Structures are given as C-alpha cells and as structure tokens.
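First the structure, in the form of structure tokens, and then the observations on it.
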Amino acid sequence: MKLIDRRLKLTELLLRCSISVFALLALILVVTDTEVKLIFTIKKTAKYTDMKAVVFLVVANGIAAVYSLLQSVRCVVGTMKGRVLFSKPLAWAFFSGDQAMAYLNVAAIAATAESGVIAREGEEDLQWMRVCNMYGKFCNQMAIGVSSALLASIAMVFVSCISAFSLFRLYGATKDRRTTPW
C-alpha cells in the first residue's frame, strides 16, 4: 500500500504543478491579449475585459493557480515528512476545495467557450456580427489561452478524483462484503 501511496502522491503533485503552470499560462495569454484596429477614423481596441466571461476565466484561473501552488507545497512537505493524510476533517477540506476549484474552472471554460463561438461565428438571429474576422490575432491568442485553461481544468478533474479517493479510503469497509446481501 505504501508504494501506491507514493505513486498517488507523486501523481497528485505533478497534476497540481501542471494546473499551476497551465492556469498561469492561460492567465498571462488572455490578459496580455490586445489588438487595435482603425475603423474609419476611430481606434477600437479588443481586450479581454470586453467580454465578462473572459474576465471570469481570468479570475478563476488566478484562484486555481494560487490554490494549486499552495496544495503543491503541502504535497511536497507531506512527502518529505513521510506523512499520509489520516485526518477526516482535513481530507474533507481538501476534497471540498478541489471540487470547488474544478467546478469553478469548468464553469469558466464553458462560459468563455460560448463567448468564443459567438465571437467567431456571430449570431444572426440577434444581429451579433462576427468579430474574429476583424480581430484575428486577438481571437487566435485567446483560443490558445482558453486551451491552456482547458488543460488546467482537465487536470483539476483528475486531482478531484484523487482527493475523493484519498478521502473515502479513510472510511474503509466495516463489514464483510462477501456475506452481506444486496
């Protein structure tokens, strides 16, 4: 069981570090993304604050990067001290935090993806025009940032599974399952 614990902790540490890297990369790509177009005599700048869903993505990725970095430090300290999580309240806190981060980022990705599709394709019924035709560089960099956030979000889902496993194995089996009927 100790070999499984070590591999599980190493996997958790690698996933948490990748979350921090991908979330920070997404944050940097999205926040630094701007493009200026001259329409007749008016300068129009496209930036991430123009779409509220993207602002939500930036905030969610910032929170996720910091949370994952702190949890990575906890994993490293726990591994160096050789401790395995045995406290149920602490396991519940980590599980709840991981679930909240995963849901927050999945929601941010969904909202931003919808805004991206509307920006790329437009919405004729509502008379919303395509903006990626005019702001190609902006849309491409935004797509790369959202893709990085998606990778971080997928890693968060896996970390949530690991924290669920770590939590629920603390409860263990109290009855013999072979003799207990349905």
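The values are calculated or read from the model by the stated rules, or taken from the named source; none is laboratory data. None of the values given here were measured: they were computed from a predicted structure. All Cβ positions, even for glycine, are placed from backbone atoms using ideal geometry, and neighbour counts span all protein chains on display. Heavy atoms of the whole protein, side chains included, go into the accessibility calculation; ligands, DNA and RNA do not. Shrake-Rupley method; radii C 1.70, N 1.55, O 1.52, S 1.80 Å.
Identify all residues within the stretch 111-136 that are closer than 30 Å to SER68 by Cα and open to solvent by 60 Å² or more (accessible area, probe 1.4 Å); write none if there are none.
Going residue by residue through the stretch 111-136, those that are closer than 30 Å to SER68 by Cα are 111-117.
Listed by number, the residues that qualify are GLU114, VAL117.
Any residue in the stretch 38-47 that is assigned to a helix (DSSP H, G or I) and free of Cβ contacts under 8 Å to residues at least 12 places away in the same chain? No.
If I filter the stretch 16-33 down to residues being open to solvent by 40 Å² or more (accessible area, probe 1.4 Å) and within 22 Å of MET156 (Cβ to Cβ), which single residue comes out as nearest to the chain's Cα centre (by Cα)? If you could, list the steps in order and put the result at the bottom.
Applying the first criterion (open to solvent by 40 Å² or more (accessible area, probe 1.4 Å)) to the stretch 16-33 yields 17, 21-22, 24-25, 27-28, 31-32.
After this cut, where a residue has to be within 22 Å of MET156 (Cβ to Cβ) as well, the list is 17, 21-22, 24-25, 27-28, 31.
Details: CYS17: 12, VAL21: 11, PHE22: 8, LEU24: 10, LEU25: 11, LEU27: 11, ILE28: 14, VAL31: 16 Å.
Checking each candidate, the answer is PHE22.
Of the residues making up the stretch 98-111, one or more are more than 30 Å from LEU8 (Cβ to Cβ) and either of a type in the set (Ser, Thr, Tyr) or assigned to a helix (DSSP H, G or I) (or both).
Of the residues making up the stretch 9-24, none is of a type in the set (Asp, Glu) and under 15 Å from GLY145 (Cβ atoms).
Filter the stretch 34-77 down to the residues that are farther than 25 Å from TYR103 by Cβ and out of contact with any strand residue (DSSP E or B) (no Cβ under 7 Å at 6 or more places or on another chain), then identify the one that is most open to solvent (accessible area, probe 1.4 Å). In this case the residue turns out to be PHE40. Residues that are aromatic (Phe, Trp, Tyr) and open to solvent by 60 Å² or more (accessible area, probe 1.4 Å) were ranked within the stretch 80-99; the one that is modelled with the lowest pLDDT is PHE86.
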